[in-house]
1. Here's a check for you: in the range 32-50, which residue that is charged (D, E, K, R) and either in contact with a strand residue (DSSP E or B) (Cβ under 6 Å, 6 or more places away or on another chain) or crowded, with 23+ Cβ neighbours inside 10 Å (or both) is farthest from GLN148 (Cα to Cα)?
2. With respect to THR117, is the statement that it is under 17 Å from the mean Cα position of the chain (by Cα), under 20 Å from HIS9 (Cα atoms), at pLDDT below 95 and β-branched (Val, Ile, Thr) true?
3. Counting residues that are surrounded by fewer than 21 Cβ atoms within 10 Å (Cβ to Cβ), more than 15 Å from the chain's Cα centre (by Cα) and not aromatic (Phe, Trp, Tyr), which strands (runs of 3 or more DSSP E) fully inside the range 166-242 reach at least 1?
4. Would you call GLN125 modelled with pLDDT of 95 or more, within 23 Å of HIS4 (Cα to Cα), polar (S, T, N, Q) and assigned to a helix (DSSP H, G or I)?
5. So for the range 216-225 (the condition being closer than 26 Å to THR12 by Cα and without any contact (Cβ under 8 Å) to a residue 12 or more places away in the chain), does at least one residue qualify?
6. Counting just the residues of the range 48-105 that are farther than 26 Å from LYS14 by Cβ and of a type in the set (D, E, K, R), which one comes out modelled with the lowest pLDDT?
Amino acid sequence: MILHLSDLHFGTEKSACMAAIRLFCLEHEIEAVVVSGDLTQRARYTQFYDCKQFLDSLKLPYLVVPGNHDIPLYHLWNRVFSPFTRYQLFFGNMETTLETDHFFIVGVNSIRRRYHTKGHISLEQIQQIDQSLQHAPPNKIKLIVAHQPFYTPPNAEHGVKDCPILGRMALEVWSKSGLNGLLHGHLHHTAVYDLNALYHLNVSHSVLEIHAGTATSYRLHGGLPNSFNVIHSNCAIAHYYFDNALGDFVLHKRNAD
């Protein structure tokens with residue numbers, strides 16, 4: 001199984017949630033941890049350092065991608081000329097691949113300084129990632145990790161302004177190369193959609209759009225609790241929500257039925 005965290009927003013982190021995630025990793029057979037962006041609140045050195053210490057403490061392989069909060073907001077010089085310097089100092093390459101027993105996972109950097117919230121996928125990224133998917137082992141679940149979602153429902157508060165430019169084009173290409181799912185954050189709520197059905201991709205398998213809430217931050221949206229996702233080896237998705245009274249993440253009842 002894969003543990004899908006997002007929107008950690010270090011600088012606003014909750015120690016109780018961090019402790020509960022560490023315990024969850026000890027008690028479950030997790031192949032890897034994936035974090036779909038917004039590791040920090042304001043892209044500060046100390047926030048990146050604290051985030052890396054936390055992820056290292058899980059003692060599991062992990063893959064991370066940057067979010068729009070992971071480039072400077074107020075330091076305009078750094079934002080224009082070296083937006084990812086601090087991220088790369090602690091986490092290196094912004095687009096890495098992680099392979100486990102059951103999963104083939106590709107990280108995508110959708111963050112652009114000109115599109116702070118919306119994000120962007122380039123033609124070069126589309127081609128490079130398509131090559132990676134084509135060469136992935138055919139028996140493994142193929143997942144892509146990007147911060148911004150590729151789909152939001154029509155009545156959503158955020159809407160298409162939070163979907164990356166060229167995201168739909170990327171999806172059309174990647175789905176033909178066996179993509180099974182995309183992992184996102186950004187909106188701070190959990191959701192799962194089948195993009196093959198929604199966008200009529202004309203492939204023979206589901207392409208799941210998997211949104212995660214904020215796992216550790218007190219920056220909660222819409223009164224939702226802290227949460228994370230688990231992706232099982234059969235591609236089933238489970239949502240876990242933080243119970244303040246128990247001090248632990250609890251499987252959502254809908255997934256337990």
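The values are calculated or read from the model by the stated rules, or taken from the named source; none is laboratory data. This one's a predicted model, so the numbers in the text were calculated from it and none came from an experiment. Using ideal geometry, Cβ is built from the backbone for each residue, glycine included, and neighbour counts are taken over all protein chains shown.
1. Start the filter on the range 32-50 by keeping residues that are charged (D, E, K, R), which leaves 38, 42, 44, 50.
Add one more test, that the residue is either in contact with a strand residue (DSSP E or B) (Cβ under 6 Å, 6 or more places away or on another chain) or crowded, with 23+ Cβ neighbours inside 10 Å (or both), and what stays is 38, 50.
Numbers: ASP38: 10, ASP50: 23 Å.
Out of the qualifying residues, it is ASP50.
2. Working: under 17 Å from the mean Cα position of the chain (by Cα): yes; under 20 Å from HIS9 (Cα atoms): yes; at pLDDT below 95: yes; β-branched (Val, Ile, Thr): yes.
Yes; evaluated as a whole, the condition is true for this residue.
3. Details: elements: 181-184, 191-194, 208-211, 227-231.
The qualifying strands (runs of 3 or more DSSP E) are 191-194.
4. On the way: modelled with pLDDT of 95 or more: yes; within 23 Å of HIS4 (Cα to Cα): yes; polar (S, T, N, Q): yes; assigned to a helix (DSSP H, G or I): yes.
Judged against the criteria, GLN125 is a match.
5. Here is the first cut: in the range 216-225, the ones closer than 26 Å to THR12 by Cα are 216-225.
Now drop any that are not without any contact (Cβ under 8 Å) to a residue 12 or more places away in the chain, which leaves 223.
Yes: one or more hits.
6. ARG79
Listed here are the residues, each with its yes/no results for (1) without any contact (Cβ under 8 Å) to a residue 24 or more places away in the chain; (2) outside any loop (DSSP other than H, G, I, E, B); (3) in contact with a strand residue (DSSP E or B) (Cβ under 8 Å, 6 or more places away or on another chain).
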residue	(1), (2), (3)
PHE90	no, yes, no
ASN93	yes, no, no
VAL106	no, yes, yes
ASN109	no, no, yes
SER132	no, yes, yes
PRO138	no, no, no
LYS142	no, yes, yes
